1. If I stretch the segment between residue 249 and residue 178 completely, what's the gain in nm (0.36 nm per residue apart, minus their alpha carbon distance), one decimal?
2. Given points 7 Å out from each Cα along the Cα-Cβ axis, report the residue 308 to residue 218 separation in nanometres with one decimal.
3. Quickly work out the residue 72-to-residue 38 label distance, labels modelled 7 Å from Cα along the C-beta direction, and quote it in nm with one decimal.
4. Among 345, 325, what is the fewest-to-most ranking by other Cβ atoms within 10 Å?
5. Would you mind getting me the FRET efficiency between residue 65 and residue 270? Use the beta-carbon distance for r and R0 = 60 Å, nearest 0.05.
6. Among 327-333, 51-57, how do they line up from the highest to the lowest mean number of other beta-carbon atoms within 10 Å?
7. Residue 28 versus residue 147, label points 7 Å from Cα toward the beta carbon: distance in nm?
8. Taking only the Cα atoms of the range 151-197, how large is their convex hull per residue, in Å³?
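We did not get these values from a lab; they are worked out from the coordinates using the rules stated. The structure presented is a predicted model; accordingly, all values stated were derived computationally and were not measured. Note that each Cβ is placed from the backbone with ideal geometry, even for glycine, and that neighbours are counted across all protein chains shown.
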């Protein structure tokens, strides 16, 4: 009885024990269940033949050994089998046991935690359902004599031919065991949950489609996969050649192999039809992928092989000719209308607009003396200056307005050129343009700095020839882009003169000043 009084203290001090108490083990079981305890090796000299003493501390201390008679063991509800202690029916109270060797102080403790667990079982409405009684987990009580089911105190069978929602609820399963002439009952609680009937799942071939034709090359290796989704391990997918089975032996010229993968209750099967070398005979045969299922009628998918059509180079000729014609027409249109296209893109989309280069002016307009009477008069020149500034947004440097007076003429002109992105030479009446020395200085500067030069010539001037213009002016006309002035016909927004002039001029830095140009010169008042 001293050990009984010391047990609570010893159990609490289990982590600190080192002399008499070896260790302990907690076991969680269900009320009424049979539990089997095994005494481990307690010291190095311990073996299977060593005498083990089992001790029970609930409700009173009692030694249990294999020397006890069967009747005594039955009365206590236990079985002692060497190093094993079998408790036939656990009570709902906590029970404590220990095992030890004779004439030793080493002990191993067991603490049983007993509770009531409910087992959940799910069946589907309108289907047959058999209630499953939990199995015994011991090696002693194996001779079940009877299984009884009860619900609300009434006995019933544990099988439903067609279960319904009214059948769900809490059921009690009672297993009866026969041991040494005594019957022991063990109870289990099973909760039946009835869910709506699952929709019928149908096995199906997902590819290829029926009557598909596969284009192949003679002599090539071809693999055609027949893929299906099935729900039973007994379902099969295979290939037929007409009414004959295709072999699975890869030594044949035509064979098939299959693979099976299972995921989330679905089984994906693939039967691969392999042609080692496609022959003309294969083109004339019909091949069938067949799905056999125990739950439904078989499914079939028929396929054929057709030879790939050889490429026709004759049919490519019209295509190539058409492409060449389109390219030629495109080039012709671009060459003919490249000025109109460039101006349209510049005015509407802002294309060809370069970032600021630090220049103060877009262009410098400088007059030169024409060798004919067809040069621009003062009114035409001022009109041209006004149109470029007011309607097209160009910032112009004008000799009679922006060149500072009082300085040397050549230095003033060169300074204006330095501040301008382009230089436009405008023909005027004789004796009103700069002198030959100034033109020579301008020519040297433009060549040295690679300035953009636009040379306006009159219709009667034509192409400058040797002796038709002063030497310096002739050099300038050869160095830049030429635009022809045709008098009043050039004073419209659609004239070639304005299109060419604007095309050669860089896009204005400030396009916000640009306005709609009137159609004729009579609509514009000269400056």
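1. Details: separation 71, 0.36 × 71 = 25.56 nm, distance 5.70 nm.
Extending this stretch completely gives an extra 19.9 nm.
2. About 1.5 nm, to one decimal.
3. It is 2.7 nm.
4. 325, 345
5. Working: r = 64 Å, r/R0 = 1.07.
Here the calculated transfer efficiency is 0.40.
6. On the way: 327-333: 10.1, 51-57: 18.9.
So the peptides 327-333, 51-57, ranked by packing, come out 51-57, 327-333.
7. Spacing of the two 7 Å Cα→Cβ label points: 2.5 nm.
8. On the way: hull volume 4.3 nm³, N = 47.
Each residue corresponds to 93 Å³ of Cα convex hull volume.
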